[in-house]
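Student: Please read through the structure below; I'll follow up with questions.
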Amino acid sequence: MKYDAIIIGGGACGLMCAAQAGLLGKRTLVLEKNDKPGAKILISGGGRCNFTNLYTSSENFVTENQHFLHTVFSRWTVENTISFFDTFGGIQGEEKTLGQLFPRSNKAKDIVAVFMKLLYETAQDIWMHTEVKSVLKDGEGYTVSFVREGTEQQLFCKKVVFASGGLPVSKLGASDFALQAARQFGLSVVDTAPALVPLTITGKDAIWYASLAGNSVFARVYNDRISFEENILFTHWGLSGPAILQISSYWRAGETFTIDLLPNFNLDEIIKNERATGGKRTVGQLLNNYFTKKMVEALRKYLPLDLKIASLSKADAKSVCDTIHKFEVKPAGDKGYDKAEVMRGGISTKELHQRTLEVQKHPGLYFGGEAVDITGWLGGYNFQWAWASGYLIAQDL
């Protein structure tokens, strides 16, 4: 069988690439080592699949080259994504929060079904239980060596697409295969790390965080690079929740960040107003209006909870406000790739053509999806990049 391209990886990027190639009348072969396609799609959003974000822009991504994304998202927009799933799967998107779009059915399998239907209708091939071992330059094309159901095989093709993802999550078949291949072909790779990942706290503060395990607080989490307002979640080993996952992409080992535990209120003004009416309540009683009892009691470590507001000195009042609005955190580390949503870093965008994602040094070789140095925020942004990269590559096959 002669194929226009071999696509390594049957995830979001690979499936979109094959589907779009099929719509253009091309033949592709998708090689996927799992027993089913779209493994990460199926578990995303708790099995509901947050398949795009209405507010997607290049600013919602961590990358060394923000400008690269302007071209990508001008060629495949959020509107294109919405139209694609509606046209080919009858999937209507429903916004949940902050622009996050989910299928109305709340079933991630419906997203995968769109691709499988298109691949079948356009005669694309997809081989499961197939692990690619190497891709070597061979004349005007590439020889792909793989093991399929225990048998070693090889195929030659003029064009090869790497859509094999990044390092999270190993139980879903994640590997550094695309990164290894990139280095083999002499491409530069931006240092990788877990992203959108819970952060750990160790040392003398560990017991305090563990005592609050299960407590969720709406907060503003920020450093000198970025700020996010969403929930944080205290855990037995540190911090999680949407705002923490977001800031983790902008955090480096050894750094601190700050949490405003009461972003929608001005505690200084609240204390002044309390003083004006006599200040008979204690600090703890005042904070009970805004936090759970467990949270307030935990804050005893930092605050004079039993002191009446009227008795607070200026220094005490400032300390209370700073603790609540400027709570500093210095994580020990993160929970690693198996708990990370995505990988930060990857193949440098300077190695790829902006309009096609073809490797500049090696015609016929393409990289898309998570293996590239483009990491989206939490909330559907990484899927939008996956669909867009799959589409762009397909136009050039």
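Every read-out reported here was derived from the displayed coordinates using simple, explicitly stated rules and does not represent laboratory data. Model, not experiment: these values are computed from the prediction. So basically every Cβ, Gly included, is an ideal-geometry build from the backbone, and we count neighbours across all protein chains shown.
Student: Explain nothing, just compute: Karplus ³J(HN,Hα) = 6.51 cos²θ - 1.76 cosθ + 1.60, θ = phi - 60°, for every residue of region 98-111 in order, whole Hz, x for Gly and Pro.
Tutor: 6, x, 6, 10, 10, x, 4, 6, 6, 10, 4, 5, 5, 5
Student: State, to one decimal in nm, how far the label point of Asp224 lies from the label point of Asp191, with both points 7 Å from Cα in the Cβ direction.
Tutor: According to this spin-label approximation, the distance is 1.7 nm.
Student: Sticking with this structure for a sec: Which distance in nm do the two modelled labels at Ala213 and Asp138 give, with both placed 7 Å along the Cα-to-Cβ direction?
Tutor: Placing both labels 7 Å beyond Cα along the Cβ direction yields 5.3 nm.
Student: Where the only charges are on Cβ atoms (+1 Lys, Arg; -1 Asp, Glu), what is the dipole of region 198-335 about its Cα centre, to the nearest 20 debye? Intermediate results must be reported in sequence, preceding the final value.
Tutor: Values: 18 positive and 15 negative charges, 79 e Å.
For region 198-335, the charge dipole is close to 380 debye.
Student: Also, I was wondering about something else. Can you list residues whose amide H is under 5 Å from Ala174's amide H, if they're 5+ apart or on another chain and H is modeled 1.01 Å from N?
Tutor: Val169
Student: Now for a separate question. Over every pair of different alpha-carbon atoms in region 310-397, take the mean of 1/r and invert it; report that Kirkwood radius in Å.
Tutor: On the way: mean 1/r = 0.0599 Å⁻¹.
Kirkwood hydrodynamic radius for region 310-397: 16.7 Å.
Student: May I ask you to sort Val147, Val169, Val30 by Cβ crowding, counting other Cβ atoms within 10 Å and putting the fewest first?
Tutor: Details: Val147 14, Val169 19, Val30 29.
Ascending Cβ contact count within 10 Å gives the list Val147, Val169, Val30.
Student: Checking the a/c ratio against 1.5 first, then a/b against b/c, what shape does the Cα gyration tensor give for region 222-367? Working shown, then result.
Tutor: Details: a/c = 3.87, a/b = 2.96, b/c = 1.31.
Here region 222-367 falls in the prolate category.
Student: Return the whole-Å distance between the Cα centroid of region 311-325 and the Cα centroid of region 154-189.
Tutor: About 53 Å separates the Cα centre of region 311-325 from the one of region 154-189.
Student: While we're looking at this one, here's another question. Take the residue pairs Lys318/Lys339; Lys33/Lys339; Lys294/Lys318 and return only those whose Cα atoms are more than 26 Å apart. Before the final figure, lay out the partial values.
Tutor: On the way: Lys318/Lys339 38 Å; Lys33/Lys339 21 Å; Lys294/Lys318 23 Å.
In this structure, Lys318/Lys339 lie more than 26 Å apart at Cα.
Student: Sum -39500 (n - 2.57) across every DSSP H segment of at least 4 residues in the chain, then divide by the residue count to get the 222 nm mean residue ellipticity, nearest 500.
Tutor: Working: 13 runs with 125 residues, N = 397.
After summing the helix terms and dividing by the residues of the chain, the value is -9000 deg cm²/dmol.
Student: For the residue pair Leu172 and Ala315, what label-to-label distance in nm results when each label sits 7 Å from Cα along the Cα-to-beta-carbon direction?
Tutor: So the label points at Leu172 and Ala315 sit 5.2 nm apart.
Student: Moving on to the next point. Any idea how far the Cα center of region 375-397 sits from the one of region 103-131, in Å?
Tutor: That distance is 16 Å.
Student: Kindly write out, for region 275-284 in residue order, the coupling ³J(HN,Hα) from the Karplus curve 6.51 cos²θ - 1.76 cosθ + 1.60 (θ = phi - 60°), rounded to whole Hz, with x marking Gly and Pro.
Tutor: Values, residue by residue: 4, 5, 9, x, x, 6, 6, 7, 4, x Hz.
Student: Sort Leu15, Leu118 so the one with the fewest other Cβ atoms within 10 Å of its own Cβ comes first. Display every interim value, and only then the final one.
Tutor: On the way: Leu15 30, Leu118 20.
Arranged by neighbour count, lowest to highest, Leu15, Leu118 become Leu118, Leu15.
Student: What ranking, highest mean first, results for peptides 123-129, 46-52 when packing means the other Cβ atoms within 10 Å averaged over each residue? Could the numbers behind the result be given before it?
Tutor: Values: 123-129: 16.1, 46-52: 21.3.
Order by mean packing, descending: 46-52, 123-129.
Student: Determine the gain in length on full extension of the stretch His353-Lys36; use 0.36 nm per residue of separation and subtract their C-alpha separation, reporting nm with one decimal. Intermediate values should be presented prior to the final figure.
Tutor: Values: separation 317, 0.36 × 317 = 114.12 nm, distance 3.10 nm.
Extending this stretch completely gives an extra 111.0 nm.
Student: Separate question: Report the Cα centroid-to-centroid distance between region 203-271 and region 331-369 in angstrom, as an integer.
Tutor: Between the Cα centre of region 203-271 and that of region 331-369, the gap is 28 Å.
Student: Now for a separate question. Considering amide H positions built from the backbone, and no H for Pro or chain starts, which residues 5 or more places from Thr52, or on another chain, come under 5 Å of its amide H?
Tutor: Leu101
Student: Filter Lys36/Lys133; Lys2/Lys107; Lys40/Lys96 down to the pairs with a C-alpha to C-alpha distance above 24 Å, please. Kindly include the intermediate steps, with their values, before the conclusion.
Tutor: Values: Lys36/Lys133 19 Å; Lys2/Lys107 35 Å; Lys40/Lys96 20 Å.
Violating the 24 Å limit, Cα to Cα: Lys2/Lys107.
Student: While we're on this one: What order do you get for Ile244, Ile207, Ile7 when you list them from fewest to most C-beta neighbours inside 10 Å? Intermediate results must be reported in sequence, preceding the final value.
Tutor: Details: Ile244 30, Ile207 10, Ile7 34.
The most exposed by this proxy come first: Ile207, Ile244, Ile7.
Student: Further question: Could you tell me which of rounded, prolate or oblate describes region 69-204, using a ≥ b ≥ c as the square roots of the eigenvalues of the alpha-carbon gyration tensor, with rounded for a/c under 1.5 and, failing that, prolate when a/b is larger than b/c and oblate otherwise? Let's see the in-between values first.
Tutor: On the way: a/c = 1.75, a/b = 1.19, b/c = 1.46.
Cα axes put region 69-204 in the oblate bin.
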